[in-house]
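Student: Let me begin by handing over the structure; questions about it come next.
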């Protein structure tokens, strides 16, 4: 008798991979026209103003198109994300350059272009606010009473007293820039009027957000709204909250025209007017004993949220929870605010606030080591969180404490200590060489960090994620989740995890792109598919098997027999379906107001090492290699896991070194992929991913989150490596040659 | 709304004569030649390409692509045939990939190959042509400072005449050239000049390794005479002003002196008076000038650059 070999830990091929490779995969803009109308957006051309109205050029025949302004919205004019401050179409005020004021649908592209040229937005300008300090001064109010979307404070012990009595207090201020998601496929939606409701297809991560948003916007019951996420060409968080606005726009036009309407952004429009990573300013005051024992940390962090709240209240929470890094300190005060400015709204982006916080703390700690005269490795060994250590929120990590192990493993894998010494020697001798070897300097640096698994605090409870398994007539089993395939391999992983619970071959499990009628809401974001949803799938699979065996009256270890039994039961008219919903482990406690308690069920711990060479003639940086070690609990699919790390490291290196959003009057000036540089394959070094697998006990298979973590390591590792190469501490990413070269030349003049 | 080439009028001649005839008949009507399209297509997409229509030069490749040295086809070239006073003729429709792979250029002037390899990415190199890059005259064009440093001449053909113009005179205004509306750029001519102990440098400084417009481009050529003194120094820049340019003051300063760190520093200091870089989306005036000074100093001091007689293989 055969039994099934576990598919967990196997590099099962992507289910949609072959179609993508062949070019057969159809994205939303590839769908046949079938009479769909084209749509465009009329945008404000000032960053901050009173909106007076729109003027239509009467030389254009407006009967040829459909035009919608805020006054035409039948329901509530709102993009509901966390706050309800953002209108779908501007009504009284313009809060950012590019804000949608009206929508146009036309039967063809030419008519649409003419219509868009024939309408202008009438405004009366107000003083704009672009940077964090201006926003905090609150001379011009954009949001609420003080421009602050949310403040999160975390207190542990007494940081003020600890800093007063510390032997040494070291301060540092770090800045991080905006970052463009640069997904391959720009934002796009198609909405279809179905007679009494709307069906929306498009590029998105979170179909359920859209159901609720469109129902409100059109004043229709939610059951009249069907959302079908289309094959999505990359997301990185950019298709988390933003599609709630875009899908609403497409739905409004479909409702008004009673037709199918397609609203697709060009790359430039997408880069200028959709969300970016929150820029941040983070100040640290850190107290140590003379020998480098951490005694107190004060962190004051401000994120630039742009014009509307979007995901900012959650982003700031995650940023605050990660602000002390993987370090044990008994006295911590974290103050984190996210403020409004007249930039396009910042939004969800891989890491969700944690990358900014983790960059600052680990770059600062490395800098502190240099000020204390302590080896940064020793400083970390002395202060990292160990077994039963506590996070800033007071969370006792118990056995989930791999910071020390990932550090030691990364040192070993990268030959860190020997290379650091060799590079120091290389740099010392540089000036004595003639020829081209005189100019490069080499350095190696690392970062130590962690990322919480799944959503923060109570959010998992609110989401109440669900999965379902459904038996089919041929004995196969369909796994229903709303984990959208956006390029990360979710469809394949869902099948692997369900098969693991069911004890059957992965080929017996069917997965499909979800829709909101068939699939339970399981919220695909926040590094949680493999762990939170995976746990539900495994539990559901076991229950499903038990149910089949109960009805059959015998154990069915042979997968062929199991499959035949499922087919027989379904043919006999029996309904085989198992649903499973998330409920938090009963021992987890969380105080949202004080941000105290068990913020996450588990943490993924990681150490990232970067070696680099700087050309001191130009300040250009060539990253030589990256080693990323992470304890992910359990690797579900090694090929995908390595891919997440390589892609995340690439995105992190881009954020660290290249990706510079050039703003002017609140508009991105370099809104194309030639002038906004993300790394190409030619810019990337060898990236080695090493996985440790210490299972977490709150998931049946032990997996922790991996999706966001890998992009968080490179920025602090690069800045720390730059100090090792040049003896200069850089406090800003992206750290471009325009920053590096003058700093190097100034240092050599001293 | 972006447009595509099929929205435009296109005339496709069968050969050079037909193309020149068409251009003579329709001069001043706003027709523009279309070669590889690596520049024009982006302008068409963004609606920045003002033209009545496009003259598709693809059928002229047989006549206008290829690299000849003194009239000998590349395939026929023998080692050691390079001689003082000759010319290399590069057809205007030669692609950058063909430049990159050319054994003749590798021997005569590897700078050209390096500049071609530094332009855009491989896909662009497969499409972009030598002539197209010259006529579109992008201030940051990678190959342009090389033509300047090599004293290249351009061959301009019309139905009624063919003329040759020095490249440095051909570029007069930013993004403009001295080409007449009925003329087609048919070739670029490189004079072969023997220098003793030549040293060469090509350096593009850009945000990333491929697919980026350069912040600045620097190319340098210099010989060293028997006494170890500089002879025939060329220092040429792109992206340091509205046009590619040579830093003649710094060149003269180095001429006749032996390489040294002090000479490098003097040449670098001279640049501030000669270069007029600006701040833009890609970089700053300050950074461009620092980089130009540093690379010039290191080259003139004799630290960077490659020996001129090269045996390396084209990539």
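The values are calculated or read from the model by the stated rules, or taken from the named source; none is laboratory data. No experiment lies behind these values; they were computed from the predicted model shown. Neighbour counts are summed over all protein chains in view; Cβ atoms, including those assigned to glycine, are modelled from backbone coordinates with ideal geometry.
Student: Return the only residue of A:699, A:703 being more than 14 Å from chain B (Cβ to nearest Cβ), farther than 21 Å from residue A:410 by Cα and modelled with pLDDT under 95.
Tutor: A:699
Student: Next question, about the same structure. Residue A:434 - would you say it is part of a loop (DSSP other than H, G, I, E, B) and over 31 Å from the mean Cα position of the chain (by Cα)?
Tutor: Numbers: part of a loop (DSSP other than H, G, I, E, B): yes; over 31 Å from the mean Cα position of the chain (by Cα): yes.
Considered against the rule, which asks whether it is part of a loop (DSSP other than H, G, I, E, B) and over 31 Å from the mean Cα position of the chain (by Cα), residue A:434 comes out as yes.
Student: With respect to residue A:256, is the statement that it is closer than 21 Å to residue A:37 by Cα and surrounded by fewer than 20 Cβ atoms within 10 Å (Cβ to Cβ) true? Steps first, please.
Tutor: Numbers: closer than 21 Å to residue A:37 by Cα: yes; surrounded by fewer than 20 Cβ atoms within 10 Å (Cβ to Cβ): yes.
Considered against the rule, which asks whether it is closer than 21 Å to residue A:37 by Cα and surrounded by fewer than 20 Cβ atoms within 10 Å (Cβ to Cβ), residue A:256 comes out as yes.
Student: If we scan the stretch B:269-281, do we find a residue that is assigned to a strand (DSSP E or B) and out of contact with any helix residue (DSSP H, G or I) (no Cβ under 9 Å at 6 or more places or on another chain)?
Tutor: So in the stretch B:269-281, the residues assigned to a strand (DSSP E or B) come out as none.
No.
Student: Would the stretch B:286-308 turn up any residue that is touching a helix residue (DSSP H, G or I) at 6+ places or on another chain (Cβ under 9 Å), surrounded by fewer than 18 Cβ atoms within 10 Å (Cβ to Cβ) and assigned to a loop (DSSP other than H, G, I, E, B)?
Tutor: no
Student: With (1) closer than 18 Å to residue B:304 by Cβ; (2) surrounded by 15 or more Cβ atoms within 10 Å (Cβ to Cβ); (3) at pLDDT 95 or above as the list, and residue B:224 as the residue in question, which single condition is left unmet?
Tutor: (3)
Student: Sticking with this structure for a sec: Considering each residue of the stretch A:106-133, count those that are in contact (Cβ under 8 Å) with a residue 60 or more places away in the chain and more than 14 Å from chain B (Cβ to nearest Cβ), and give that number.
Tutor: 15
Student: Follow-up question, since we're still on this one. Could you look through the stretch B:24-44, keep only residues that are part of a helix (DSSP H, G or I) and more than 25 Å from the chain's Cα centre (by Cα), and pick out the one that is nearest to residue B:133 (Cα to Cα)? So that I can check it myself, show each step before the final result.
Tutor: Quick first cut of the stretch B:24-44, residues part of a helix (DSSP H, G or I) only: B:24-25, B:40-44.
Okay, now just the ones that are also more than 25 Å from the chain's Cα centre (by Cα), so B:24-25.
On the way: B:24: 23, B:25: 25 Å.
Among those residues, the one meeting the criterion is B:24.
Student: Tell me yes or no: at least one residue of the stretch B:267-285 is surrounded by fewer than 18 Cβ atoms within 10 Å (Cβ to Cβ), within 22 Å of the chain's Cα centre (by Cα) and away from every other protein chain (no Cβ under 14 Å). Outline the logic, then answer.
Tutor: Within the stretch B:267-285, the first condition is being surrounded by fewer than 18 Cβ atoms within 10 Å (Cβ to Cβ), and the residues that meet it are B:269, B:272-273, B:276, B:278-279, B:281, B:284-285.
Okay, now just the ones that are also within 22 Å of the chain's Cα centre (by Cα), so B:276, B:278.
Then drop every residue that is not away from every other protein chain (no Cβ under 14 Å), which leaves B:276.
Within the stretch B:267-285, one or more residues are surrounded by fewer than 18 Cβ atoms within 10 Å (Cβ to Cβ), within 22 Å of the chain's Cα centre (by Cα) and away from every other protein chain (no Cβ under 14 Å).
Student: Does the stretch B:238-245 contain at least one residue that is surrounded by fewer than 20 Cβ atoms within 10 Å (Cβ to Cβ) and at pLDDT 95 or above?
Tutor: Checked the stretch B:238-245: no residue is surrounded by fewer than 20 Cβ atoms within 10 Å (Cβ to Cβ) and at pLDDT 95 or above.
Student: Taking residue B:140 and the conditions (1) farther than 21 Å from residue B:245 by Cβ; (2) within 14 Å of chain A (Cβ to nearest Cβ); (3) in contact (Cβ under 8 Å) with a residue 24 or more places away in the chain, which numbered condition does it fall short on, given that it satisfies the others?
Tutor: Result: residue B:140 fails condition (1) only.
Student: For the stretch A:372-390, name all the residues that are outside any helix (DSSP H, G or I) and under 28 Å from the mean Cα position of the chain (by Cα). Reasoning before the result, please.
Tutor: Of all residues in the stretch A:372-390, those outside any helix (DSSP H, G or I) come to A:373-375, A:384-390.
Selection gives A:384, A:385, A:386, A:389, A:390.
Student: Take residue A:40 and tell me if it is at positive phi, at pLDDT 95 or above and outside any loop (DSSP other than H, G, I, E, B).
Tutor: The answer is no for residue A:40.
Student: Another one. Kindly indicate which of A:705, A:727 is farther than 30 Å from residue A:272 by Cα and under 18 Å from the mean Cα position of the chain (by Cα). Steps first, please.
Tutor: Working: A:727 fails: under 18 Å from the mean Cα position of the chain (by Cα).
Sole residue among the options that is farther than 30 Å from residue A:272 by Cα and under 18 Å from the mean Cα position of the chain (by Cα): A:705.
Student: Can you tell me which residues in the stretch B:217-258 are in contact with a strand residue (DSSP E or B) (Cβ under 7 Å, 6 or more places away or on another chain) and not in a strand (DSSP E or B)?
Tutor: From the stretch B:217-258, those in contact with a strand residue (DSSP E or B) (Cβ under 7 Å, 6 or more places away or on another chain) are B:217-225, B:230-240, B:243-247, B:250-251, B:254-257; that's our starting set.
The answer is B:225, B:239, B:240, B:243, B:244, B:247, B:250, B:251, B:254, B:255, B:256, B:257.
Student: Identify the residue in the stretch A:18-30 that is farther than 21 Å from residue A:256 by Cβ and in contact (Cβ under 8 Å) with a residue 40 or more places away in the chain and, among all such residues, is surrounded by the most Cβ atoms within 10 Å (Cβ to Cβ). Walk me through it before giving the result.
Tutor: In the first step, residues of the stretch A:18-30 are kept if they are farther than 21 Å from residue A:256 by Cβ; the result is A:18-27, A:29-30.
Those still in the list that are in contact (Cβ under 8 Å) with a residue 40 or more places away in the chain too: A:25-27, A:29.
Numbers: A:25: 14, A:26: 12, A:27: 18, A:29: 15.
Step by step, filter the stretch A:18-30, then rank; the result is A:27.
Student: Okay, next question. Go through B:146, B:165, B:130 for me and flag whichever is surrounded by fewer than 19 Cβ atoms within 10 Å (Cβ to Cβ) and either in contact with a helix residue (DSSP H, G or I) (Cβ under 9 Å, 6 or more places away or on another chain) or closer than 27 Å to residue B:252 by Cβ (or both). Lay out the reasoning, then the answer.
Tutor: On the way: B:146 fails: surrounded by fewer than 19 Cβ atoms within 10 Å (Cβ to Cβ); B:130 fails: surrounded by fewer than 19 Cβ atoms within 10 Å (Cβ to Cβ).
Answer to the selection: B:165.
Student: So residue B:208 ticks every box in (1) farther than 28 Å from residue B:88 by Cβ; (2) modelled with pLDDT under 95; (3) away from chain A (no Cβ under 14 Å) but one. Which box is left unticked?
Tutor: (3)
Student: Determine if the stretch B:189-196 includes at least one residue that is touching a residue at least 12 places away in the same chain (Cβ under 8 Å), buried (at least 19 other Cβ atoms within 10 Å of the Cβ) and within 14 Å of another protein chain (Cβ to nearest Cβ).
Tutor: No, because not a single residue in the stretch B:189-196 is touching a residue at least 12 places away in the same chain (Cβ under 8 Å), buried (at least 19 other Cβ atoms within 10 Å of the Cβ) and within 14 Å of another protein chain (Cβ to nearest Cβ).
Student: Output the residues belonging to the stretch A:70-93 that are closer than 17 Å to residue A:305 by Cβ and either without any contact (Cβ under 8 Å) to a residue 24 or more places away in the chain or not in a loop (DSSP other than H, G, I, E, B) (or both).
Tutor: A:84, A:87, A:93
Student: Follow-up. Quick check on this structure: which one of A:163, A:184 is closer than 27 Å to residue A:661 by Cβ and out of contact with any helix residue (DSSP H, G or I) (no Cβ under 9 Å at 6 or more places or on another chain)? Quick ask: steps written out before the conclusion?
Tutor: Numbers: A:163 fails: closer than 27 Å to residue A:661 by Cβ.
A:184 is the lone residue from the list that is closer than 27 Å to residue A:661 by Cβ and out of contact with any helix residue (DSSP H, G or I) (no Cβ under 9 Å at 6 or more places or on another chain).
To keep it simple, each residue is scored yes or no on (1) surrounded by 24 or more Cβ atoms within 10 Å (Cβ to Cβ); (2) more than 30 Å from residue A:138 (Cα to Cα); (3) in contact with a strand residue (DSSP E or B) (Cβ under 8 Å, 6 or more places away or on another chain); (4) in contact (Cβ under 8 Å) with a residue 60 or more places away in the chain.
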site	(1), (2), (3), (4)
A:340	yes, no, yes, yes
A:348	yes, no, no, yes
A:365	yes, yes, yes, yes
A:371	no, yes, yes, yes
A:374	no, yes, no, yes
A:379	no, yes, no, yes
A:396	no, yes, yes, no
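Student: Hey, among A:648, A:666, A:633, which residue is away from chain B (no Cβ under 14 Å) and surrounded by fewer than 24 Cβ atoms within 10 Å (Cβ to Cβ)?
Tutor: On the way: A:648 fails: surrounded by fewer than 24 Cβ atoms within 10 Å (Cβ to Cβ); A:633 fails: surrounded by fewer than 24 Cβ atoms within 10 Å (Cβ to Cβ).
Result of the check over A:648, A:666, A:633: A:666.
Student: For residue A:729, are the conditions met, namely being in contact (Cβ under 8 Å) with a residue 60 or more places away in the chain, over 30 Å from residue A:205 (Cβ atoms), out of contact with any strand residue (DSSP E or B) (no Cβ under 7 Å at 6 or more places or on another chain) and away from every other protein chain (no Cβ under 14 Å)? Lay out the reasoning, then the answer.
Tutor: Working: in contact (Cβ under 8 Å) with a residue 60 or more places away in the chain: yes; over 30 Å from residue A:205 (Cβ atoms): yes; out of contact with any strand residue (DSSP E or B) (no Cβ under 7 Å at 6 or more places or on another chain): yes; away from every other protein chain (no Cβ under 14 Å): yes.
Yes: the conditions hold for residue A:729.
Student: When the stretch A:582-627 is examined, which residues are found to be within 14 Å of chain B (Cβ to nearest Cβ) and part of a loop (DSSP other than H, G, I, E, B)?
Tutor: Matches in the stretch A:582-627: A:616, A:617, A:618, A:619.
Student: Which of (1) in a loop (DSSP other than H, G, I, E, B); (2) closer than 25 Å to residue B:251 by Cα is the odd one out, the single condition residue B:209 does not satisfy?
Tutor: (2)
Student: Also, quick follow-up: Any residue at all in the stretch A:228-246 that's within 14 Å of chain B (Cβ to nearest Cβ), assigned to a strand (DSSP E or B) and either touching a residue at least 24 places away in the same chain (Cβ under 8 Å) or touching a strand residue (DSSP E or B) at 6+ places or on another chain (Cβ under 7 Å) (or both)? Working first, answer last.
Tutor: Within the stretch A:228-246, the first condition is being within 14 Å of chain B (Cβ to nearest Cβ), and the residues that meet it are none.
No, every residue in the stretch A:228-246 fails to be within 14 Å of chain B (Cβ to nearest Cβ), assigned to a strand (DSSP E or B) and either touching a residue at least 24 places away in the same chain (Cβ under 8 Å) or touching a strand residue (DSSP E or B) at 6+ places or on another chain (Cβ under 7 Å) (or both).
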